[in-house]
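Colleague: One structure, pasted below without further comment.
Nothing in this text is a laboratory measurement; each read-out follows from the coordinates by a stated rule. Predicted model only: the values in this text are computed from it and were never measured. Every residue, glycine as well, gets a Cβ built from its backbone with ideal geometry; the counts of neighbours run over all protein chains shown.
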Amino acid sequence: MRDLKQVYLDNNATTALAPEVVDEMLPFLREHYGNPSSTYSFGSRVRDVLEKVRSCVAASINALPEEIIFTSCGTESDNTAILSALEAYPERRHIITTVVEHPAVLNVCRKMEDKGYTVTYLKVDSNGRLDMESFAGDLSCGTAIVSIMYANNETGILFPMEELGRMIESRNVSGGKILFHTDAVQALGKVPVDVQRLKLDMLSLSGHKLHAPKGVGALYVRKGTPFYPLLIGGHQENGRRSGTENTASIAGLGKACELATKALKEEAAYLGKLRDKLETALLSTCPGAIVNGRTSERLPNTSSISFEHIDGEAILMFLDSNGIYAASGSACSSGSGKPSHVLEAMTVPASAIHGSIRFSLSRYNDSSDIERLIEVLPGIIKKLREISPLSTTCGH
Ligand code: PLP
């Protein structure tokens, strides 16, 4: 059997480690294994590096080093931000979020509803845009936190963070500002992220979405923001997140942030061109294909395409057998058999929602990857349409 070219188009699920990141990590796995909390030099040298990395991560979002807390992942950062805000304002019983958040936010909010909190889930329109008018009316003196994602992991659609930040700041509430948190896990490294411009109080990020390893993330907490840790134990991270630091992965995260910040503009332009090539070709060769949120502001690397009257899992299977890897909906809902809650919220028609595929690119993709997809996918769609019961019955 000839060797198939592997084409990885699922970078919103996870990314390949950058070689520079691996180089940065290796000394911490091999020689510099000291505990950064130790007082002797073998440990304190590692602590010095951690502090340098903290500055690097902070610089990538225009924050101060002391405003960065290292965590184990984006999920931990999201959980910590929301639960901390609720602990800071025990008298406030209201959270605002959106219907299209990642489960790392949505499921915390649902759990808080079970505990008696009120949660407003802002809706989106068919282009994935937020209902800003209703947002203004929903802010109240009982609101503890607004948690709204920067970029959607399934569609890449960007929310108007600057406008949201301004609206929250202008809302005067006695007893402390309504806290503004964003899940920027998919945004960092793809669009500029500036916590000052966006007037954010907290921001979550995750290493493995930007060519750093899995199992490391960070939470930005603006100086002066009331904060309550999720993990309680030792004094690490200034008592804000206990547990011995994952030093090698943190070093990798710092390098990944540095690389992403340095190349942001060129990379965004490069990815946008590849994405446009992919969409133009598939729209012209696959009848009944719709790009979700095409007219909205989007990440340059993400394309969510619904193919009418076909099952997305079948498309993925055929792509897989051709060495091409993509996702149906988010990595988390993939395989659940349920349609994506994001596409449902955008009222993607029943005839198309089950045939939705997310292609997400990275700096390691090139034109030949897109050409391979274009060579293979139209034939798969045609074949599946011919055999699919969904092509005659739309009521899936
Ligand atoms: N938030 C968003 C938008 C994501 O896409 C993801 C991962 O898919 C997460 C949070 C969770 O990040 P992690 O896998 O680091 O926990």
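Colleague: Net charge around ARG197, counting only other residues with Cβ within less than 14 Å of its Cβ (Lys, Arg = +1; Asp, Glu = -1)?
Modeller: Neighbour charge sum, excluding ARG197 itself: -2.
Colleague: Using 1/(1 + (r/R0)^6) with R0 = 30 angstrom and r between the beta carbons of GLU371 and SER126, what's the FRET efficiency to the nearest 0.05? Please list the in-between numbers first.
Modeller: On the way: r = 31 Å, r/R0 = 1.04.
For R0 = 30 Å, the calculated efficiency reads 0.45.
Colleague: Please compute the length gained on full extension between ASP138 and VAL119, using 0.36 nm multiplied by the number of residues separating them and subtracting their Cα-Cα distance.
Modeller: On the way: separation 19, 0.36 × 19 = 6.84 nm, distance 1.01 nm.
Fully extending the segment from ASP138 to VAL119 adds 5.8 nm.
Colleague: Counting only DSSP beta bridges with both residues in the stretch 19-262, tell me the antiparallel percent, nearest 5.
Modeller: Working: 11 of 26 bridges.
About 40 percent, rounded to the nearest 5.
Colleague: Cut-off under 24 Å on the C-alpha distance; same-chain residues fewer than 8 positions from LYS383 excluded. Which lysines are left, in chain and number order?
Modeller: Candidates past the 8-residue exclusion: LYS5, LYS277, LYS338.
Colleague: Compare the peptides 132-145, 292-305, 12-25, 73-86 by average per-residue count of other Cβ atoms within 10 angstrom and give them in order, highest first. Provide the component values of the computation, followed by the final result.
Modeller: Working: 132-145: 15.6, 292-305: 22.6, 12-25: 18.5, 73-86: 24.3.
Result, highest mean first: 73-86, 292-305, 12-25, 132-145.
Colleague: Net charge within 13 Å of ALA104 by Cβ-Cβ distance, Lys/Arg positive one each and Asp/Glu negative one each, not counting ALA104 itself?
Modeller: Spelling it out: positives minus negatives among the neighbours equals -1.
Colleague: Can you give me the distance in nm between label points at VAL173 and LYS223, each placed 7 Å from the Cα along the Cα-to-Cβ direction?
Modeller: 2.4 nm
Colleague: Run down the lysines and flag those whose C-alpha is under 18 Å from the C-alpha of LYS223, throwing out any fewer than 8 positions away in its chain.
Modeller: Here the lysines satisfying the reach criterion relative to LYS223 are LYS177, LYS199.
Colleague: Okay, next question. Check THR225: other-chain or 5+ apart residues with amide H under 5 Å from its amide H, H built from backbone geometry?
Modeller: Those qualifying (amide H under 5 Å, at least 5 residues apart or on another chain) number zero.
Colleague: Here is a follow-up. Go ahead and estimate [θ] at 222 nm for the chain from helices alone: -39,500 (n - 2.57) per DSSP H run with n ≥ 4, summed, over the residue count, rounded to 500. Please report the intermediate quantities before stating the final value.
Modeller: Numbers: 13 runs with 158 residues, N = 396.
Mean residue ellipticity at 222 nm (helix-derived): -12500 deg cm²/dmol.
Colleague: So for each of 210-220, 115-125 I average, over its residues, the number of other beta carbons within 10 Å; can you give me the resulting order with the highest mean first?
Modeller: So the order, starting with the most tightly packed, is 210-220, 115-125.
Colleague: When a/c reaches 1.5 or more, the comparison of a/b and b/c decides; with that in mind, is the chain rounded, prolate or oblate per its Cα gyration tensor?
Modeller: Values: a/c = 2.14, a/b = 1.30, b/c = 1.64.
In terms of gyration-tensor shape, oblate.
Colleague: Be a star and scan the stretch 232-265 for residues whose amide nitrogen sits under 19 Å from the point 7 Å along the Cα-to-Cβ vector of SER44.
Modeller: 235-238, 245
Colleague: Using a simple charge model, +1 on the beta-carbon of Lys and Arg, -1 on the beta-carbon of Asp and Glu, nothing else, what dipole does the chain show about its Cα centre, in debye to the nearest 20? Write out the running numbers ahead of the final one.
Modeller: Working: 41 positive and 46 negative charges, 47 e Å.
Taking the Cα centre of the chain as origin, the dipole is about 220 debye.
Colleague: Evaluate E = 1/(1 + (r/R0)^6) for LYS383 and GLU87, where r is the Cβ-Cβ distance and R0 equals 56 Å; express this FRET efficiency to the nearest 0.05.
Modeller: Working: r = 55 Å, r/R0 = 0.98.
For R0 = 56 Å, the calculated efficiency reads 0.55.
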